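To keep things clear, I will list the structure first and then write my remarks on it.
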């Protein structure tokens with residue numbers, strides 16, 4: 001396959017509702033992205049010049065996109081990148097994406113992506129809109145709920161100090 005074609009193929013996309021959260025995700029994920037040989041990432045949020053971003057795409061490529069729905073919507077309308085081989089889509093804070101009025105943008109993004117992909121939809125609340133989005137955008141849905149229990153705060157309650165853990169890939173988490 002032509003290197004230029006690979007250069008412009010988006011393999012993963014992470015969408016979050018705000019530029020601040022997108023930047024935080026991009027910065028935290030950058031060390032992981034750096035381990036992927038030949039894969040480039042790009043940060044795309046509103047307020048940045050789309051012409052400059054498109055020039056950067058042409059020069060550096062963009063296989064992983066991290067950004068806000070409005071800017072990704074705009075970039076996807078340019079046909080500068082190819083999405084047919086996208087494997088991973090992450091919608092972070094899906095409830096906020098919908099509350100902030102990005103339903104149209106999300107629907108467009110979903111319509112441009114292959115149906116066979118891994119999609120992670122993360123939401124602090126499970127509203128009807130989030131449930132509808134999960135039905136429209138996910139296949140073979142697996143729902144994971146995290147609930148916390150109140151812990152005793154009395155002096156008699158023993159406290160357990162947790163040490164670092166190692167992920168299956170060998171990453172050390174402190």
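The values are calculated or read from the model by the stated rules, or taken from the named source; none is laboratory data. This one's a predicted model, so the numbers in the text were calculated from it and none came from an experiment. Quick reminder, even Gly has a Cβ in these numbers, built from the backbone with ideal geometry, and neighbours come from all protein chains shown.
Yes/no per residue for (1) crowded, with 17+ Cβ neighbours inside 10 Å; (2) modelled with pLDDT under 90; (3) touching a strand residue (DSSP E or B) at 6+ places or on another chain (Cβ under 9 Å); (4) closer than 21 Å to residue 102 by Cα:
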{"residue": "31", "(1), (2), (3), (4)": "no, no, no, no"}
{"residue": "36", "(1), (2), (3), (4)": "no, yes, yes, no"}
{"residue": "42", "(1), (2), (3), (4)": "yes, no, yes, yes"}
{"residue": "45", "(1), (2), (3), (4)": "yes, no, yes, yes"}
{"residue": "55", "(1), (2), (3), (4)": "no, no, no, no"}
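Scanning segment 109-136 for residues that are under 14 Å from residue 83 (Cβ atoms) and surrounded by 13 or more Cβ atoms within 10 Å (Cβ to Cβ) yields 109, 110, 112, 113, 117, 119. Where helices (runs of 4 or more DSSP H) fall entirely within segment 57-137, those with at least 1 residues that are at pLDDT 90 or above are at 69-76, 94-99, 103-112. As a summary of the residue check, residue 27 satisfies the conditions (1) within 16 Å of the chain's Cα centre (by Cα); (2) in contact (Cβ under 8 Å) with a residue 24 or more places away in the chain except for the one numbered (2).
Checking the structure you have, find out if any residue of segment 90-106 is touching a residue at least 40 places away in the same chain (Cβ under 8 Å) and more than 19 Å from residue 19 (Cα to Cα). Looking for residues that are touching a residue at least 40 places away in the same chain (Cβ under 8 Å) and more than 19 Å from residue 19 (Cα to Cα), one finds none in segment 90-106, hence no. Pairs linking a residue in segment 51-71 that is on the phi < 0 side of the Ramachandran plot and without any contact (Cβ under 8 Å) to a residue 24 or more places away in the chain to a residue that is assigned to a loop (DSSP other than H, G, I, E, B) and surrounded by 13 or more Cβ atoms within 10 Å (Cβ to Cβ), with Cβ atoms under 7 Å and 6 or more positions apart or on different chains, are 60/40. For segment 15-39, a residue qualifies if it is within 18 Å of residue 60 (Cβ to Cβ) and in contact with a helix residue (DSSP H, G or I) (Cβ under 7 Å, 6 or more places away or on another chain), and exactly one does: 39.
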